[in-house]
1. Please report, ordered by residue number, the helices (runs of 4 or more DSSP H) entirely within region 58-116 with at least 1 residues that are on the phi < 0 side of the Ramachandran plot, surrounded by 13 or more Cβ atoms within 10 Å (Cβ to Cβ) and among the polar types (S, T, N, Q).
2. Has region 24-36 got at least one residue that is in contact (Cβ under 8 Å) with a residue 60 or more places away in the chain, surrounded by 11 or more Cβ atoms within 10 Å (Cβ to Cβ), of a type in the set (Val, Ile, Thr) and part of a strand (DSSP E or B)?
3. What is the number of the single condition among (1) assigned to a helix (DSSP H, G or I); (2) over 13 Å from Asp4 (Cα atoms); (3) among the polar types (S, T, N, Q) that Asn50 does not meet?
Amino acid sequence: MSTDVIFLGWNRAVAGREAASAETFQKFLGYLGGLQQAGKIASFEPVFLNPHGGDLNGFILIRGDRAQLDALSASEEWQMYMTRAGMEMEGLGVVQGVTGEGVMAWMARWQQILSE
C-alpha cells in the first residue's frame, strides 16, 4: 500500500460558480478514476464533511508512490484542473503528506532527533 498522499481540500464553491464547480468536480473524479485504472495513482477517496462551522468542507485523498504523485502534480492536466478549481472554489489547498507506515517513519525520525 502506498504511504504517500496528496490532500486536496476546499471550503465551498464561489458564489455564483456552484454549477460550474459541480461539473468540474465530476470531471475531476473521472480523471482520477482514469489515472487509477492506468496505474498512475494507487487510489483516491473523496470526502464531504458535515457542517461544523469550519473552513474545510471536503477533501480528496490521493494515494500513490512519491514518483507517481510528483508526476501527477507536474502534469499539464493537473495544473489545468487546479487552476479551474482555484477559480471555482474558496479555500482550495493542496498538500503532500504520508499515511500508514510513512507516519511511523516520520515518528522514528522525530525520536532520533529528540534523542540526539
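1. 66-74
2. No, every residue in region 24-36 fails to be in contact (Cβ under 8 Å) with a residue 60 or more places away in the chain, surrounded by 11 or more Cβ atoms within 10 Å (Cβ to Cβ), of a type in the set (Val, Ile, Thr) and part of a strand (DSSP E or B).
3. Among (1) assigned to a helix (DSSP H, G or I); (2) over 13 Å from Asp4 (Cα atoms); (3) among the polar types (S, T, N, Q), Asn50 violates only (1).
Every number here is computed from the coordinates shown, using simple stated rules; none is lab data. If you're wondering where the values come from, they're calculated on a predicted model, not measured in any experiment. Neighbour counts are summed over all protein chains in view; Cβ atoms, including those assigned to glycine, are modelled from backbone coordinates with ideal geometry.
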